[in-house]
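Q: Let me begin by handing over the structure; questions about it come next.
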């Protein structure tokens with residue numbers, strides 16, 4: 001049971017990391033003059049992140065530095081959520 005709590009804390013930490021990355025992508029898109037809505041940030045997060053990746057790839061030829069942390073954090077959150085659910089269901 002303690003292991004499930006450990007993975008739940010990791011899941012929450014990755015979720016916070018994803019929120020920070022999403023907010024920074026939001027700020028970067030606004031600075032570039034793109035139309036983004038703060039109230040829809042969590043729902044439109046994947047759309048904004050991919051738009052950010054596409055725009056930075058067009059400008060510099062490389063994906064922007066915020067895209068990889070966003071992808072890693074959302075993937076880790078999902079993975080830790082699955083592990084937590086499995087551990088809680090087993091006990």
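The values are calculated or read from the model by the stated rules, or taken from the named source; none is laboratory data. Small disclaimer: the values here were computed from a predicted structure and weren't measured. Glycine gets a Cβ as well: all are built from the backbone with ideal geometry, and neighbour counts include every protein chain shown.
Q: For the condition modelled with pLDDT under 95 and farther than 30 Å from residue 88 by Cα, what is the one hit in 41, 27?
A: After applying the criteria, what remains is 41.
Q: Output the residue which, of all residues in region 48-83 that are closer than 16 Å to residue 35 by Cα and touching a helix residue (DSSP H, G or I) at 6+ places or on another chain (Cβ under 9 Å), is surrounded by the fewest Cβ atoms within 10 Å (Cβ to Cβ).
A: Taking the candidates together, the pick is 50.
Q: Given the conditions (1) in contact (Cβ under 8 Å) with a residue 12 or more places away in the chain; (2) crowded, with 17+ Cβ neighbours inside 10 Å; (3) part of a helix (DSSP H, G or I), and given that residue 36 satisfies all but one, which numbered condition is not satisfied?
A: For residue 36, the failing item is (3).
Q: Next up: Are there any pairs, at least 6 apart or on different chains, whose C-beta atoms fall under 8 Å, with the first in region 18-33 and at negative phi and assigned to a helix (DSSP H, G or I) and the second at pLDDT below 95 and surrounded by fewer than 15 Cβ atoms within 10 Å (Cβ to Cβ), and if so, which?
A: 19/42; 22/42; 26/38
Q: Mind listing whichever residues of region 73-90 are under 16 Å from the mean Cα position of the chain (by Cα) and without any contact (Cβ under 8 Å) to a residue 24 or more places away in the chain?
A: 75, 78, 79
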